[in-house]
Structure formats: structure tokens, C-alpha cells
Amino acid sequence: MLEVLTSKRDIRYAQGNLEKLLKSALGRIGRRNVGYPSGNHDYEIYAAGPGQMYWGLSKPADHHSIRRYVNSFGIYRAEGSLEITVEISVPEQGDDGRVQGMFARDPVDGAVYLLHSGKVGGGTAGVSGRGFRSFLGPQLETVQGQGRQRSGILLGNVKDPRLPALIWNYVEQAAAFKRSVRSGSSDHSGTEQELLRDEVWGRRKGRRVGELDYVSYHGLVYQALKNWVQPNLRGDERASRTSLIDLGVWRGERLDEVFEIKTEASRQSFYAGLGQLMTHAAEPRTRMTLVMPQDAEMPLDCLDALKRNDVRLLRYSLHGEGLDVSVEIR
């Protein structure tokens with residue numbers, strides 16, 4: 001189980017790694033006004049260009065109600081005040097659940113990860129942490145805090161050169177969620193994303209060394225898979241996900257194809273993936289596809305099981321770093 005960083009030194013070091021990665025991936029813009037429902041501030045802004053991610057940082061200060069690093073992210077525009085899409089605040093020290101972010105260490109290999117509560121604002125009824133977590137779909141990571149357990153959405157390793165792309169994917173998802181609420185299309189029921197009560201959310205407690213890095217890539221792989229599927233859809237078909245299915249292709253109310261994404265290729269992960277496919281492919285004609293990393297060999301008996309059960313295997317690989325990260329599926 002991950003452990004929350006609480007010392008001022010450890011948090012400052014993790015925040016420093018985050019800053020280095022973001023500055024290497026984004027260009028320095030200068031001071032810009034950043035607004036939100038309760039006010040606005042001028043921040044030093046780094047951005048990838050119009051329509052791309054921006055980042056602004058406010059370091060711990062006495063005017064904060066809680067001394068914290070405030071990492072503000074959103075979609076950059078060349079003129080006007082910038083809107084905050086996601087704020088990832090981390091306390092300067094200690095374990096404070098009133099802020100939205102935290103750094104946590106894997107006690108096995110010492111890797112440090114950035115997590116977020118999923119809480120997003122925007123001054124619109126229906127824009128909430130619970131709604132966004134359900135819209136996003138991942139399970140929560142369980143983190144050991146000071147005398148209690150906490151949960152958060154895993155964003156990535158603070159030394160992973162791909163972390164800026166993972167944060168950008170998260171920002172894009174938050175922006176899409178807010179648009180769906182504002183347009184009145186946020187009731188993701190039936191074959192769409194299903195709103196879940198917090199207490200039925202799965203919480204990951206055990207983890208193999210190194211697997212967390214792959215878990216953080218799930219959102220990128222999902223988007224690449226959806227882009228891979230959509231060009232082959234017919235006019236009456238649509239691709240979407242639900243609370244139980246990573247990606248499905250529906251024709252009307254009928255599920256024609258189901259995809260399951262796995263972030264590592266252990267036997268346990270394979271068994272889980274195959275079982276999930278067979279559980280959700282309720283009709284004999286529903287096609288099943290397992291999606292697994294390219295850089296892991298599949299045992300021969302697992303490959304035979306896929307063949308016997310008529311399950312297609314797709315492999316994915318990641319390339320690039322910074323914001324220039326791509327997912328190849330084949």
C-alpha cells in the first residue's frame with residue numbers, strides 16, 4: 001500500500017520533480033491572470049500552446065488557509081483570464097485531507113506518485129468529485145495516511161517523463177466532464193458511464209512492484225483504443241464504457257463487442273481479464289478482446305485459452321515522453 005508523504009523535505013523534493021517535468025514539457029508564457037469562482041490571481045504560466053495544457057504554481061504562503069503547493073491546470077488560451085480545470089494542491093507538510101492532492105511513496109521500491117482526490121469545481125450544479133470519479137471510471141488507490149487510510153486517483157510517478165501527458169489526459173477528462181454537466185448530458189446510465197456510490201468503488205490494496213506505473217497509463221490506453229475502434233464503426237454502432245466494461249461497442253441496446261484493458265501481463269491479470277470478458281459478453285455472438293502490454297510475454301497455455309474461447313488479443317506499447325506520448329495498438 002502506498003504511504004502518504006508528510007515531511008516538508010519529502011514533499012518539497014517530490015514537488016520539485018513534478019516542476020522539472022512540467023517545465024521541460026511546457027513553454028514559459030509569463031504572468032497571466034487565472035480565475036475561478038471565488039476570485040483570481042496572477043500566476044507564472046507555462047503552456048504547450050493554445051488549446052493545450054497550461055500549468056501555474058502558487059507556492060506555500062501565509063495567505064493560504066492551508067500552506068500548500070497549488071498546481072493549477074487548464075486549457076490555455078492566448079487572451080483573457082485563464083480558467084482552472086483541475087487544481088492539484090499538496091500540503092507543505094503533514095497529511096491534510098482538505099486539499100485535493102498528495103504525494104505517496106511505494107514502500108517496496110521507494111517510487112513516489114502524485115494522486116488527486118477527483119474533486120473538481122466550476123460553479124455549476126452537478127460538477128462534483130463523486131460525479132467526476134464516476135465519469136472517469138478508474139478504481140481508487142488506497143493510501144496509508146497518518147493514522148487513517150485515504151484514497152485517490154493515481155496520476156503518475158513524479159520521475160516518469162510521461163507524467164505531463166498523464167496529467168494532460170486527466171485535465172482533458174475533467175474538461176469533458178464539466179462540458180457534459182453543463183450541457184445536461186451527464187446522466188451516464190444504461191450503456192453509458194454509470195454513476196456509482198462512493199462505497200461501491202473498488203479500492204486497490206495490493207500491488208506488484210512496477211505495476212503502478214502501468215496503472216497510471218490506463219487513461220491513455222483507453223483513449224487510444226477508442227480512437228482505434230471508432231473508424232470501423234457502422235452508422236448504428238457506438239463505442240463507450242461503463243462502470244464494469246473498459247470499452248464496448250453497442251448496436252442499439254445490444255453489446256456487440258467488449259474490450260478489457262490490463263496494465264500488466266501476469267497470470268493473475270490474465271485470469272481477471274478473461275473472466276471479465278466472459279462475464280460481460282452475455283450473448284454468444286458478442287466478440288471479446290483482451291488488451292495487454294506489448295513488453296510482456298504471454299505463457300503458451302494462456303494464448304491457447306484465448307484461442308479456445310475465441311478471444312482476440314491486442315497488444316499496446318507507449319512511445320515518447322513529456323506531452324508527446326503516443327500509444328500504439330496492434
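The values are calculated or read from the model by the stated rules, or taken from the named source; none is laboratory data. All of these numbers come straight from a predicted model, not from anything done at the bench. All Cβ positions, glycine included, derive from the backbone under ideal geometry; neighbour counts span all protein chains shown. Heavy atoms of the whole protein, side chains included, go into the accessibility calculation; ligands, DNA and RNA do not. Shrake-Rupley method; radii C 1.70, N 1.55, O 1.52, S 1.80 Å.
If I take R0 = 41 Å and measure r between the Cβ atoms of Asn227 and Arg12 in this structure, what FRET efficiency does the formula 1/(1 + (r/R0)^6) give, to the nearest 0.05?
0.60
Run the quick spin-label model on Leu314 and Glu297: label points 7 Å from Cα toward the beta carbon, then report their separation in nm to one decimal.
Result: 2.6 nm between the two label points.
Is it possible to state the helix-based mean residue ellipticity at 222 nm for the chain, with each DSSP H run of 4+ residues giving -39500 (n - 2.57), the sum divided by total residues, to the nearest 500 deg cm²/dmol? What is it?
About -8000 deg cm²/dmol.
Taking the solvent-accessible surface of protein heavy atoms with a 1.4 Å probe, what is the per residue accessible area of region 24-78 in Å²?
Each residue of region 24-78 exposes 50 Å² on average to a 1.4 Å probe.
Identify all aspartates and glutamates with a Cα-Cα distance to Lys262 below 12 Å; exclude those on the same chain that are fewer than 8 residues away in sequence.
Cross-link targets: Glu211, Asp246.
Only Lys, Arg, Asp and Glu count, each charged at its Cβ (+1, +1, -1, -1), so figure out the dipole size of region 29-183 about its Cα centre, rounded to 20 debye.
I would put it at about 340 debye.
Given a 1.4 angstrom probe, I'd like the percentage of the accessible area of region 50-150 that is carbon and sulfur, rounded to a whole number.
About 45 percent, which is the carbon plus sulfur part of the accessible surface.
Report the one residue of Gln173, Leu155, Ser183 whose Cα lies farthest in the direction of the positive end of the charge dipole of region 144-187 (charges on C-beta: Lys and Arg +1, Asp and Glu -1; origin at the Cα centre).
Leu155
Given points 7 Å out from each Cα along the Cα-Cβ axis, report the Lys23 to Asp236 separation in nanometres with one decimal.
So the two model labels end up 5.8 nm from each other.
Would you mind classifying region 43-165 by shape? Square roots of the alpha carbon gyration tensor eigenvalues, ordered a ≥ b ≥ c; an a/c under 1.5 is rounded, otherwise it is prolate if a/b is larger than b/c and oblate if not.
Taking the square roots of the gyration eigenvalues as a ≥ b ≥ c, region 43-165 is rounded.
May I ask you to list, by number, the DSSP H helices of the chain whose Cα span along the axis is at least 18 Å and whose average Kyte-Doolittle hydropathy reaches -0.5 or more?
Taking the DSSP H segments of the chain (at least 18 Å long, mean hydropathy at least -0.5), we get 163-182, 267-280.
I need the phi-derived Karplus couplings for region 56-65: 6.51 cos²θ - 1.76 cosθ + 1.60, θ = phi - 60°, integer Hz, Gly and Pro marked x.
Coupling constants for region 56-65: x, 10, 10, 7, x, 8, 5, 6, 6, 5 Hz.
Please report, in debye to the nearest 20, how large the charge dipole of region 263-330 is about its Cα centre when each Lys and Arg carries +1 at its beta carbon and each Asp and Glu carries -1 there.
Dipole of region 263-330, to the nearest 20 debye: 400 debye.
To the nearest 0.05, what FRET efficiency results for Ile66 and Arg130 with a Förster distance of 25 Å applied to their C-beta separation?
For Ile66 and Arg130, the calculated efficiency is 0.65.
Mind running the shape call on the chain? Use the C-alpha gyration tensor, a ≥ b ≥ c as the square roots of the eigenvalues: rounded below 1.5 for a/c, prolate if a/b tops b/c, oblate otherwise.
Here the chain falls in the prolate category.
Give the calculated FRET efficiency between Gln268 and Glu321 to the nearest 0.05, with a Förster radius of 22 Å applied to their Cβ-Cβ distance.
Approximately 0.15, to the nearest 0.05.
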